[in-house]
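J.: Pasting a structure here, questions to come.
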Amino acid sequence: MMQRYGYSVFCDDIRNEVGGKLSFIGCYNAVMFVEPRFPFVLSKFCAHVHLVSPASQPYRSIVVRCYAPGQEEPILEEPIAAPAPLDQMKLVAELEPAHAAPRLIVAATSLIFSPLRIEAPGLISIRAVVDGADGELGLGSLRVVPAA
């Protein structure tokens, strides 16, 4: 059985475009190089988050958390709305498949920090608590290192 998973796009800005499109400006590839002194402040930082679940496991509740280097507690904890009411999500699992592709439910949100203070080198991590579970589901991380 397919498991829930997720991912994040880390960037400097997210813009809403005509036709409902999103543009990600200044995307990071696994590592963010910053001034060699900490703490460091970014005027703006964004993460666009996707959470994917098999249609047979619809979401009841989702809370997204963001952790920053040098911080024990999340710097953001935000509930996000399920993509549809529970009864409608359950209907997706019952649809006749047109082809062999799995039936999925996707929840997404944009997190915008303005400003973002980074205390130390380490990981900016995005995680989610789904349906009140005890554990967190990892949705991606970005390593922060001092520039050489």
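The values are calculated or read from the model by the stated rules, or taken from the named source; none is laboratory data. Keep in mind that this is a model prediction, so the values were computed, not measured. Cβ: placed from backbone, ideal geometry, glycine included. Neighbour counts: every protein chain shown.
J.: Checking Glu78 against (1) crowded, with 16+ Cβ neighbours inside 10 Å; (2) out of contact with any helix residue (DSSP H, G or I) (no Cβ under 6 Å at 6 or more places or on another chain); (3) at pLDDT below 95, only one condition comes out false. Which one?
T.: Every condition holds for Glu78 apart from (1).
J.: Within the range 10-28, restricting attention to residues that are touching a Leu at 6+ places or on another chain (Cβ under 9 Å) and not hydroxyl-bearing (Ser, Thr, Tyr), which residue is surrounded by the most Cβ atoms within 10 Å (Cβ to Cβ)? Walk me through how you get there before you give the answer.
T.: First pass over the range 10-28, keeping only residues touching a Leu at 6+ places or on another chain (Cβ under 9 Å): 10, 12, 14-16, 28.
Adding the requirement that they be not hydroxyl-bearing (Ser, Thr, Tyr) leaves 10, 12, 14-16.
On the way: Phe10: 22, Asp12: 15, Ile14: 17, Arg15: 11, Asn16: 10.
In this case the residue turns out to be Phe10.
J.: Report, by residue number, each residue of the range 122-136 that is at pLDDT below 95 and in contact with a Phe, Trp or Tyr (Cβ under 8 Å, 6 or more places away or on another chain).
T.: Passing the criteria: Val130, Asp131.
J.: From the list Pro69, Pro58, pick out the single residue that is outside any strand (DSSP E or B) and within 14 Å of Glu119 (Cα to Cα).
T.: Pro69
J.: Also, I was wondering about something else. Can you go through Tyr67, Tyr7 and tell me which one is within 14 Å of the chain's Cα centre (by Cα) and surrounded by fewer than 16 Cβ atoms within 10 Å (Cβ to Cβ)? Break it down into steps so the answer makes sense when it comes.
T.: Numbers: Tyr67 fails: surrounded by fewer than 16 Cβ atoms within 10 Å (Cβ to Cβ).
One residue alone meets the criteria, Tyr7.
J.: What's the number of the only condition in (1) within 21 Å of Cys11 (Cβ to Cβ); (2) in contact (Cβ under 8 Å) with a residue 24 or more places away in the chain that Ser61 fails to meet?
T.: Result: Ser61 passes all but (1).
J.: Tell me which residues, restricted to the range 42-52, are surrounded by fewer than 19 Cβ atoms within 10 Å (Cβ to Cβ) and assigned to a strand (DSSP E or B).
T.: Across the range 42-52, the qualifying residues are Leu42, His50, Val52.
J.: Something else now. Contact list please: Cβ distance under 7 Å, first residue in the range 104-125 and on the phi > 0 side of the Ramachandran plot, second residue assigned to a strand (DSSP E or B), pairs at least six apart or on different chains.
T.: Gly122/Val144
J.: Right, another one. Which one is modelled with the lowest pLDDT, of the residues in the range 103-121 that are buried (at least 17 other Cβ atoms within 10 Å of the Cβ) and either in contact with a helix residue (DSSP H, G or I) (Cβ under 8 Å, 6 or more places away or on another chain) or over 25 Å from Gly70 (Cα atoms) (or both)?
T.: Ile105
J.: I've got another one for you. Looking only at strands (runs of 3 or more DSSP E) that lie completely in the range 1-41, which have at least 2 residues being among the β-branched types (Val, Ile, Thr) and on the phi > 0 side of the Ramachandran plot?
T.: Counting at least 2 such residues, we get no strands (runs of 3 or more DSSP E) at all.
J.: On to the next question. Go through the range 1-49 residue by residue and tally those that are out of contact with any Phe, Trp or Tyr (no Cβ under 6 Å at 6 or more places or on another chain), touching a residue at least 12 places away in the same chain (Cβ under 8 Å) and among the hydroxyl-bearing types (Ser, Thr, Tyr).
T.: Final tally of qualifying residues: 4.
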